[in-house]
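A.B. asks: My questions all concern the structure below.
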Amino acid sequence: MECESLVALLIQYEMLSGQKVNLAKSALCFSRDILLPDAEVLGWILGVGSVIVTDQYLGLPSLVGRSKMETFRCFEERVLSRLQGWK
């Protein structure tokens, strides 16, 4: 199975680089085409969680889709609202 190949690749990377992949901080991102039960099984096999599109890291979206304008619109609105307070 391809999941086991990915796990083996991560283990090999860890051995060669001397760096450990922190699976607790790692996550999977799936396309809309995958079924939820399949995504859960893949996450369980790899030992990582799944990213929900609304997740953020340091206040920014963790996933950027095709429409950058739509993705960062809330960020733009937040910056503009802070700038309004300076006037």
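A.B. asks: Say a paramagnetic label sat at a point 7 Å from the Cα of residue 57, along Cα to Cβ; which residues of segment 15-44 have their backbone N under 18 Å from it?
C.D. replies: Only 19-31, 43 pass the distance filter.
A.B. asks: Okay, next question. Treating only the Cα positions of segment 1-51 as identical point scatterers, give the base-10 log of I(q)/I(0) from the Debye formula at each q in 0.12 Å⁻¹.
C.D. replies: Values, matching the q order: -0.29.
A.B. asks: Using only alpha carbon pairs under 8 Å that are at least six residues apart, calculate the relative contact order of the chain and give it in whole percent.
C.D. replies: 21 percent
A.B. asks: Further question: What is the order of 13, 57, fewest Cβ neighbours within 10 Å to most?
C.D. replies: On the way: 13 13, 57 9.
In order of increasing Cβ crowding within 10 Å: 57, 13.
A.B. asks: Could you point to the label whose value was computed as semi-axes √(5λ) of the Cα gyration tensor in Å for the structure here, given (1) 23, 15, 14; (2) 27, 19, 10; (3) 35, 18, 10?
C.D. replies: Identified label for the calculated read-out: (3).
A.B. asks: For the charge dipole of the chain, defined by +1 on Lys and Arg C-beta atoms and -1 on Asp and Glu C-beta atoms about the Cα centroid, which residue among 18, 80, 44 has the Cα displaced farthest towards the positive pole?
C.D. replies: Checking the options against the dipole of the chain, the answer is 80.
Values quoted throughout were computed directly from the atomic coordinates according to the rules given, and no laboratory measurement underlies them. Computed from a predicted model, the values in this text were never measured in an experiment. So basically every Cβ, Gly included, is an ideal-geometry build from the backbone, and we count neighbours across all protein chains shown.
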